[in-house]
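The values are calculated or read from the model by the stated rules, or taken from the named source; none is laboratory data. Since this is a predicted model, take the numbers as computed values, not measurements. With ideal geometry, Cβ positions are generated from the backbone for all residues, glycine too; neighbour counts draw on all protein chains shown.
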Amino acid sequence: MAENHSWEQGSPTLECPIQNGFCNNQALAHELLLLSLDAALCISSVMSKFVLLILGSHRSGTSALSGTLGLLGATLPRNLSGPTAANEKGHFEPRDIANVHDELFRHLETAWSDWAPFPEGWYSSAECDDYIERLATIFRENYGDADMAVLKEPRINRLVPLWESVLSKLNITPLVIIINRNPFEVAKSLAARDGWSLPEALLIWLRNQLDAEFSTRAMKRVFVEYGDLITDWPGVVEKIEKGLGISLLQRTAAVRGSIEEFLTASLRHQLLPPWSSVATGVLVEDWAAEASGILRAGCLDRKNAMSDLDKLRSKLDCATVALSPVVQQYRNRLQQYAEEWNRSAQGWLQERERVNNAIINRQHLEQRLEEEVERRKLVDIQVEEETSRRQAAERQIIEQLAQSKSLEERINTIRASTSWRVTRPLRKLGRRWRSLVRKVHRGGRLGRG
């Protein structure tokens, strides 16, 4: 990166964009200088606030440029869109303004990705006035009284006249920065993020870049390159300051370190080798190469540059008119395919839900079966234990019966013996004697009582 750039703290000012050597006619240069100073004084007296309006196609580096300007002291919106997988360091754009733009596109049956021209007649409608009021309110909510705001929202490429009216209503001067990037890198990036084909992505790039350039010709503006921002951002900042006549606030070593950390090479996901604007024979590729060749490297200063861009824009408009029916049929067919796929996907989702429910029911049944098996095992154990106890009791009863029978047989044997019969009188006498003794005992107890 270049190291010869000044990093002293300054304040936002307007400077004369006429540099030594820009014009060889000194008298004309002096007159232009006076006119420039008069214009600067006039602007300062009427519009003391500025907005750095960042324009350029989606995936052209607008987020990286906006983040850099924010680190340098310009005011970023309060309602920022968060980082995404496609923009991991953040978009640095107001989410609510983007939502209003999308709402407007839907209402007019167009989109940010539509390469057809925006309906110019809409700007003279009462509906447009309503959008001016809404956007002015949202702008104030995002930036308050900021002296130098950064407004980056790529949909504005197609809505510059609308925002020209919004900023005029707010007495804010737009200072335009249009960033350019190799359109084939942009196309690859759009394909990776949104699935566009190369021709479609190049048409999107053409519409955005050509509209942004055409709509800002009456504004103070500067053109920068995304590749230069990554490799030599101090040079890009210096070019912006000189081209717009401003000085950014925060120019310290700490800020420089933050920007170095922010602008890593990893931000550039789709890097292609250096290329030229040599015709390839593919119409849209040739248009993109020609337009990018004019927009980069300060080629707008050359003779007929703007007229060449106008011719390309006219070709794009004519192609849109000619191809719109075919493209619409193609889109309708894609829509039908999408609807059919959605219906199939819905049926598949329902079938998957049915299968999932069946799997869940089976799991519940299997769980209940396992619980029943465990319960049966416990019952079997209890039955076995009860059977063992019953068998033990039966054996005990059999033993007791055997003992009882044996005793009964012994008793019968004794009773059938001669000795038992001979001793019968003695047993009877013995019983009488025991009865008499019990009576005597009872009578003695009664007498003592």
Criterion (part of a loop (DSSP other than H, G, I, E, B), on the phi > 0 side of the Ramachandran plot, out of contact with any Cys (no Cβ under 6 Å at 6 or more places or on another chain) and not hydroxyl-bearing (Ser, Thr, Tyr)) met by exactly one of 92, 118:
92
Which members of segment 134-172 meet the condition of being buried (at least 20 other Cβ atoms within 10 Å of the Cβ) and over 30 Å from the mean Cα position of the chain (by Cα)?
167, 172
Filtering segment 319-375 for residues that are within 19 Å of residue 200 (Cβ to Cβ) and among the aromatic types (Phe, Trp, Tyr) leaves a count of 2
How do the helices (runs of 4 or more DSSP H) wholly within segment 215-267 filter down when requiring 2 or more residues that are buried (at least 19 other Cβ atoms within 10 Å of the Cβ) and not β-branched (Val, Ile, Thr): which remain?
226-231, 233-244
Exception for residue 131 within (1) aromatic (Phe, Trp, Tyr); (2) assigned to a helix (DSSP H, G or I); (3) surrounded by fewer than 22 Cβ atoms within 10 Å (Cβ to Cβ); (4) at pLDDT below 95 falls at (4)
Considering only segment 203-222, I want to know if a residue exists there that is touching a Lys or Arg at 6+ places or on another chain (Cβ under 8 Å) and among the small types (Gly, Ala, Ser).
no
